[in-house]
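First comes the structure, then the notes that go with it.
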């Protein structure tokens, strides 16, 4: 574990590497995301923690915010595309000349 290693550079590397888990997963798909979030918060708030470990924990904790932003952007793009498809589908009859007389 990152917080139990006595070597500062090893802890720094493991904290940055453990930041990859929250980037690729969300809370609903991986239960470890919450654990790592609590670990990062604990390291950041500990006054006696090494500066390298704190810096890595801050970077790792900050990187956790990006998947939600990317997921929200994907959802908005999906809604825009779905709206455009529905608009084209409903208005295509008028363009093809299949109007009833």
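A few comments on the model shown:
- Residues located in the range 9-53, provided they are assigned to a loop (DSSP other than H, G, I, E, B) and exposed (fewer than 12 other Cβ atoms within 10 Å of the Cβ): 28, 29, 31, 47, 48
- For residue 54, the criteria (1) under 20 Å from residue 9 (Cβ atoms); (2) modelled with pLDDT under 80 hold in every case but one, which is (2).
- The single condition from (1) part of a loop (DSSP other than H, G, I, E, B); (2) modelled with pLDDT under 70 that residue 75 fails is (1).
The values are calculated or read from the model by the stated rules, or taken from the named source; none is laboratory data. Values in this document were obtained by computation on a predicted structure and should not be read as measured data. Methodologically, a virtual Cβ is constructed for each residue, glycine included, from the backbone with ideal geometry; neighbour enumeration extends over all protein chains shown.
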